[in-house]
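Read-outs throughout are calculated quantities, based only on the coordinates presented, and are distinct from any laboratory measurement. No experiment lies behind these values; they were computed from the predicted model shown. Cβ atoms come from the backbone with ideal geometry, glycine included; neighbour counts cover every protein chain shown.
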Amino acid sequence: MPELAEVEYFRRRWDAGVGRKIVGVELHVEKRIFRGNDLATMHRVISGAKLIGSEARGKQMLFRFGKGGWLGIHLGMTGELRHEPPDFAAGKHDHLVLRQARQSLVFNDPRLFGRVLFHHGTNEPEWWTRLPPALTSPGFTLEKMQAFLKRRARAPIKGVLLQQECFIGIGNWMADEILWRAKIHPRRAAGQLSAAETREVWKAIRFVCSGALRIVSKDYSDPPPSWLFRHRWEKGGRCPEDGAELARATIGGRTTAWCPKCQPN
Ligand SMILES: [Zn+2]
């Protein structure tokens, strides 16, 4: 499942087409990633419109076009964006191809868990404005996070960090990284964290999200060896801080890694 930084990586791959006109739209209309859209209007509006820019919030991307056209793209499990030469022949899973004079912008999704949402209007689509603030933005405040944890007081903090209605874009490895940095055991109840511990979690969220956006989304590099990320997958992986062997269990329905020394229960 693509997380925050991976989504940002793919979003930037369409940057090559910003400021340029779409001269042709090709799509596999029968595919479920397009369900619920007025495809005739989408075709009419996007054809001949300029790609103006884009933004990602969590796993959701929004591309803005001229003529009041907007395309929301969610990558689902296996979706990818890329750019290709202008005359490239689309493959079986290239479900959306926007042709430009200098390149083709492609959305590929073999398993079809992704989603394309077309909107026509002067303002951003309503579903976009309803998304929670990005975790690296000033809108994501400690107070908002505290209130959210209170409402889920008995759930393990690991599971709560994966809830997208507050922690938009946080996926499994990022949640583990955050708790390791905040020195919180992943099974602790969200409502039992002290004010100081909650603050540490909030700070770790900002650090991990901005670090992941900077490092991973640039060229898909891994974070440095000082991150838990680099050790959590290895068998017998050790804590980069103290060398203790990492513990693993399923918490909140997901495989979780933590350091028993840094994160005592
Ligand atoms: Zn440790």
If every Lys and Arg gets +1 and every Asp and Glu gets -1 at its Cβ, then about the Cα centre the stretch 85-219 yields a dipole, in debye to the nearest 20, of 540
Least to most buried among Val116, Val23 (fewest other Cβ within 10 Å first):
Val23, Val116
If Lys92, Lys67, Lys50 are placed from fewest to most neighbouring beta carbons inside 10 Å, the sequence is Lys92, Lys67, Lys50
Once the piece of chain linking Tyr220 and His120 is laid out straight, how much longer is it, given 0.36 nm per residue of separation minus the C-alpha distance between them?
32.7 nm
Largest-first principal axis extents, alpha carbons of the stretch 34-99, Å
32, 28, 24
If each Cα of the stretch 1-76 is one equal point scatterer, what is log10 of I(q)/I(0) from the Debye formula at q = 0.17, 0.18, 0.21, 0.25 Å⁻¹?
-0.69, -0.78, -1.02, -1.26
Measure of compaction for the stretch 165-237 (Cα Rg per 2.2 N^0.38 Å)
1.14
Please list, short to long, the whole-number percent of alpha-carbon pairs of the stretch 102-155 in consecutive 10 angstrom bins beginning at zero.
16, 26, 32, 21, 5, 1
Nearest 10, in degrees from 0 to 90: the angle of helix 142-151 to the longest Cα principal axis of the chain is 80
Give me the dipole magnitude in Debye, nearest 20, for the stretch 8-64 about the Cα centre, with unit charges on the beta carbon: positive for Lys and Arg, negative for Asp and Glu.
120
Ala189 paired with Arg111, simple spin-label distance in nm, labels 7 Å along Cα-to-beta-carbon
3.5
Once the Cβ-Cβ distance between Ala155 and Ala196 is put in as r, and R0 is 25 Å, what FRET efficiency do you end up with, to the nearest 0.05?
0.75
Extent of the stretch 59-206 along each principal axis, from alpha carbon coordinates, in Å, largest to smallest?
58, 32, 22
So if each residue of separation counts as 0.36 nm, and I subtract the Cα-Cα distance between Arg32 and Thr129, what length gain in nm does that give?
32.5 nm
Residues Ile22, Ile52, Ile251 arranged by fewest to most Cβ contacts within 10 Å
Ile52, Ile251, Ile22
Mind putting a number on the dipole of the chain about its Cα centre? Charges go on the C-beta only, +1 for Lys and Arg and -1 for Asp and Glu, and I need it in Debye to the nearest 20.
440
Projected onto the charge dipole of the chain (+1 at Lys/Arg Cβ, -1 at Asp/Glu Cβ, origin at the Cα centre), which of Ala89, Thr250, Asn37 gives the Cα projection farthest towards the positive end?
Thr250
Gain in length, Asn265 to Arg20, computed as 0.36 nm per residue apart minus the alpha-carbon separation, to one decimal in nm?
82.7 nm
Roughly how many Å is it from the Cα centre of the stretch 201-226 to that of the stretch 9-61, as a whole number?
28
If I measure Cβ to Cβ between cysteines in the chain, which ones have no partner under 4.7 Å?
Cys166, Cys209
Regarding the chain, what are the three Cα extents along the principal axes, ordered largest first, in Å?
58, 37, 30
Please find the FRET efficiency linking Arg82 to Arg254, where r is the Cβ-Cβ separation and R0 is fixed at 30 Å, and quote it to the nearest 0.05.
0.55
